[in-house]
1. Would you calculate, for the protein assembly as shown, the mean residue ellipticity at 222 nm contributed by helices, counting each DSSP H stretch of 4 or more residues as -39,500 (n - 2.57) and dividing by all residues, to the nearest 500?
2. Have a look at B:Val339, B:Val207, B:Ile228 and report the one farthest towards the positive end of the charge dipole of chain B, computed about the Cα centre with Cβ charges (Lys/Arg +1, Asp/Glu -1).
3. Rounded, prolate or oblate: pick one for chain A, where a ≥ b ≥ c are the square roots of the eigenvalues of its C-alpha gyration tensor, a/c under 1.5 means rounded, and failing that, prolate if a/b is larger than b/c, else oblate.
4. Would you kindly derive the ³J(HN,Hα) couplings of segment A:357-366 from the backbone phi angles with the Karplus curve 6.51 cos²θ - 1.76 cosθ + 1.60 (θ = phi - 60°), listing them in order in whole Hz, with x for Gly and Pro?
5. Do any trypsin sites (Lys or Arg not before Pro) in segment B:122-155 lie in a DSSP loop with no more than 15 other beta carbon atoms within 10 Å, and if so, which?
6. Please compute the average number of Cβ atoms from other chains found within 10 Å of each residue's Cβ in peptide B:57-64.
7. Which order do peptides A:603-610, B:238-245 fall in by mean Cβ count within 10 Å, highest first?
8. Hey, if you put +1 on the Cβ of every Lys and Arg and -1 on every Asp and Glu Cβ in chain B, which of B:His74, B:Leu177, B:Leu35 ends up farthest toward the positive end of that dipole?
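Bear in mind these aren't lab numbers, they're just calculated from the coordinates by the rules spelled out. For clarity, every value in this text was computed on a predicted model and none was experimentally measured. FYI the Cβ positions are ideal-geometry reconstructions off the backbone, even for glycines, and counts take in every protein chain you see.
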Amino acid sequence: MKHKVIDASDVVIRFAGDSGDGMQLTGSLFANMSAVYGNGLSTFPDYPAEIRAPKGTVSGVSGFQVHIGSHHVNTPGDFCDLLVAMNPAALKADAKWLKRTGMVLVNEDAFDESGMKKAGFTTDNPFEELGIEDRTIIVAPISKLTEESLSESGLDKASVLKCKNMFTLGMACYIYSRPLDYVYEYIENKFKKKHPEMIEPNKKVITDGYNYAAAIQAVPNTYTVAPASPEKGTWRNITGNQAAAWGLMAASEKSGLPLFCGSYPITPATAILEELAFYKNLGVKTMQTEDEIAGICTAIGASFAGNLAVTTTSGPGLSLKSEALGLAVMTELPLVVIDVQRSGPCTGMPTKTEQTDLNEALYGRNGESPMVVISSHSPAHCFDAAFMAAKIALEHMTPVLLLSEGFLGNGSEPWRVPSMADYPTITPRFAKGKEGSFKPFVRDEATFAREWAIPGSAGYEHRVGGLEKTHMGVLSTDPDNHELMVREREEKVARVAADIPLLEVDGPAEGKLLVVGWGGTYGHILSAVEEIRAEGREISFAHFDFINPLPSNTEKVLSGFDKILVCELNTGQFAGYLRAKHPDHKYLQCNKIQGQTFLVRDIVEAIDKAMEE
Amino acid sequence: MAAKYTIKDFKSDQEVRWCPGCGDYSVLAALQRVLPKVCEEKGIDKEKVVVVSGIGCSSRLPYYMNTFGFHSIHGRATAISTGIKVANPELCVWQASGDGDALAIGGNHFIHAIRRNVDINIMLFNNRIYGMTKGQYSPTSKLGAVTKTSPYGTVENPFNPGSLVLASKGTFFARSLDAEVALSEEIMLEASRHKGTSVMEFLTNCVIFNNGTHAEISDREWRADRTIVLRDGEKMIFGKNRDKGLVLDGWRLKVVTIGENGITEDDILTHDSHSDNLGLQMQLADMKYPDYPVALGVIRDVADATYDERVAAQVEEVSAKAKFHSVDALLRSGSTWEVK
C-alpha cells in the first residue's frame, strides 16, 4: 500500500479515554497547536461529572473532540475522522461518533481480558462487536511503548504511564502533519518552574510517538490541513468561560469601576470565577462565598457600594439566587449574573450542555420581576456578551442575566483579539448636582433608569430595599403607586431595546422558512444552513443574542416568512416565548434534550421536513 | 476634618413604626447617640456610614437612620454587608439583624462573616421570638417555649449567640440589655474601634409576643444581682451590694461571695477581653441565670487581620508585581499568533 499525503479541508478528531487518562489535556494541546498553526477550530470537551469515575467503565469515559479546518469552523463536528480510544470503554462509548470513512487508534495494552469485560464486551473482537471492523484500525501497544521510551528517564512506573497520552498526541501529530514546536514550548512553560525534570521525558515521549507512527505500516495515509486565511491581526484560542471573564474585565476598564465577583463553585461555570481570581492586577476582587446566595448578595452589596458587580453560576445556583435577583430588580441596582447552563432539572447532568434555563431566567422570581436576558452564541462571543451585559446593567440600572452554556464555556475557538479602543464607552448613571435633594427612584425620561448614588457621596444619603417604594424612596403600600412602579420597572427593561442591535437576517428577508436560534446553537444552525445552500436551496436564518427585550425589529423580521423553525436544546422554551410575544406567525420546532449539542444533521433534517410541510 | 455631628444628624424623617414599648427603640437611640462619636474618632464624614439589615422588626432600623441604608432580604444582611465592605473598605458598616434573621435563615452567612473577620458591626436584636410574623418561636427561644407554632412547647434547644460567635473564633462579642442605653452605646463604641466582625447581642423585649422574655434578669429589682457588667481591668464583681464575684474553680467559673469562706476581692477574676483566652470567654458568654449572672459588656475583643484588608492587600501586592495592568495587554498575553 502506498502512503499518501492528503490535503483535507476539515478533520475531526475525538480523543477518548478513562477520566484519568489526560484526554482533556491531549485534546486541548492538539487544538492549541492547530490554532497557532492557523487552522479554523472548534472544540467540545465531553466528560463525566466524576473526577475519577470507576476505572475502565463506559460511564467513566472522558472525551475531547477537536474540529480543525482550512477555513472558519462553526462547530466541533458531528462525527470524527479519527477516534483515539485509550481503552475498550472509550471505544465502546464513542464508536458511534466515528464516520463511515473514519479511522480508529487504540491502545492495545488496555484491551486485555479485564478491560474488555469492564467495558461490557462479550466477544474477543470489539471492532466486530461494534460493527466497525471495516474501518482503518491502528492498534498500538501505547503503554508498553511509553514505558520503553522512558525506561532511562528515572521516573517511577506510575509517572511513566501518565505520559502515555503524550505518546498518543505524538502519533496524532504525525497523522495530521502537526509541527511539534508548539507542544515543546507548552511543555517547557508548564514544567519549568515546579517540575523541570518532567520537560525532557515529555518531549521525548511525544517525539517517540510521532516517530513510531511514521515507522509503522499501520498508518495508511497522513493528512495536511492548510491554515485558514483569517483576518490579519493577533489571534488566540479562547474558551467561553475565559472570554466571559475577560469581557467583564473589559467592561470594568471601560466604565472605570472596580470589578467585584461573588460566586460559589459550580460546574460548568467555575472557570469564570477562577479566571477572575487570577487577574488581581486588573483590580478584580473575587469572593468565593459560603453559598450561591451569598455569591449574589455580596455582589448586590458591592453594587450598592459602587462596583461593577457580578455573580456567576449554573442552573441549580440560579435557582438559589432567585430571591436576591428580585432584590436587585426592586432596588434597581446594576448587576451581571452569568448562568452557564447545564442539563437539568435539579442536579441533572452537570457536565452536559443544555439551553433549559431560559424560562427560569425570564420568569423565575416572585412578583412582577422583569429581567434583561441576553445570550452568547460562541466561545469567543462570550467576551462581547459579558461586556454588553455590564454595559446594559450600568447604563440602565438593572440586573442583566447572561445565558451561556456548558458547551460554550468549556468549548474553545480561535479569536482575533480586539483593541479596546474599538469598544464603546460605558457611562454609569451616577447622580450629580442633587446634594440634599436626591430622589432615588426618579427616572430618566428616555430610558426610565434611575440614578445611582453610592455611599461616600455627601448629601445623597438614601435607603433602598426589597419593599415597594415611591419615587422619593419612601415605603409605600399605596395601590396606585405599586402599579405605577411595577409598570415603570417593566418599561425600563423594555426600553433597553433602544440600545441593542437590530436582528439581522442571514439570507433573503422574505421567504417560506426562517430558521431561528439563540445561544450556543449558532454554529450548528449556520453549518446546516450552509449545507442547504450548498444544495442550491434558498434559506434564511436569524439568531437572537438578545432575548428580553427582543430586538425592536423582531416582528418585522418574523413577518417576512410563512413559517419559522425555532431550533433549541430544550422542549421549546424560546418558541413558547416567541409565540407569546409575537403570536401572529406559524412556528415549528426543532428540539433536542440529550445533554448534547445539535448535530448539523439534526437541523438539516428539521429544515427538510419544514420545507416539505 | 470631619464635621461635628449630633444625634439629629442621624435621625431620618421617617416615623418610627415599632410597637410602643418595643426594646428596639432604645438600641436605635444608642446607635444614633454613638455615631457622632464614631465619626469623630474615625475622622470620617457621615456619608461613609452604611446601615444594612435583613428582614424582621429590628431590620426596619435603616429607615430610621439618616445614612446610606440597605434593607435587604431575610437572612442575607451579613452577605450584603460583606459585599459593601469588601467593595469599599473605607465605609463604616453597621448591620441590624434579629435572632431569626442572623441565626436561622441567615445562620450560614453569620458564621462565615465571623470566620472571615470582615470589618462590620453586627447588632443582633435577640427577643427570642418571631415578632413580624406574629409570634412563632425562634432559634433562641427557650426549650419548651409556648408559641403559635409550638402550642405544646418547643422540643429543640436554643442557640446562645455568644457561644456561636466564640465557637466560630469570633474576634469581638459584647452583650447589652435594651434598657441599658448607656451600656449599649459603650459597647457600640468598642465595636466600632474593633477591627473585624463585631457582634453585639442586645437582649430586647417584644411587648406583644414575648413580653418579659428577659425579665428574669433584666427587671430593675434584681438586674444587679442577676447580671454582671464586664469591663477590662476590673474585677468580675456584681450584685446590688457589690459583694458577689466570679472565680475559677478548677476549669470552671464559680460564683462566690466576698467575705464568705475567706474570699477577698483579690481572689476575684479580673476581666481581659483582649487576651486570647477563648475558653474563659466562652464560659463568660455562656453564663445563665440562675447558676450564674448573665454577662454584659465586651466579653471578647482580640486583634486579627480583617478579610476586607487582606483582599485589598492581595490586589495591591499582585498588581505591584504584575507585568500588565490593561485589558489590551491581557488580550495579547500568553499564547497568541499573528496573521499578517
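1. So the calculated ellipticity at 222 nm is -10000 deg cm²/dmol.
2. Final value for the positive-end residue is B:Val339.
3. On the way: a/c = 2.26, a/b = 1.68, b/c = 1.34.
Prolate shape, in that a/c is at least 1.5 and a/b is the bigger ratio.
4. 9, 4, 4, 4, 4, 6, 10, x, 9, 7
5. Numbers: sites: B:Arg128, B:Lys134, B:Lys142, B:Lys148; in loops: B:Arg128, B:Lys134, B:Lys142, B:Lys148.
In loop regions of segment B:122-155 (DSSP not H, G, I, E or B), the sparsely surrounded trypsin sites (Lys or Arg not before Pro) are B:Lys134, B:Lys142, B:Lys148.
6. 2
7. A:603-610, B:238-245
8. Final value for the positive-end residue is B:His74.
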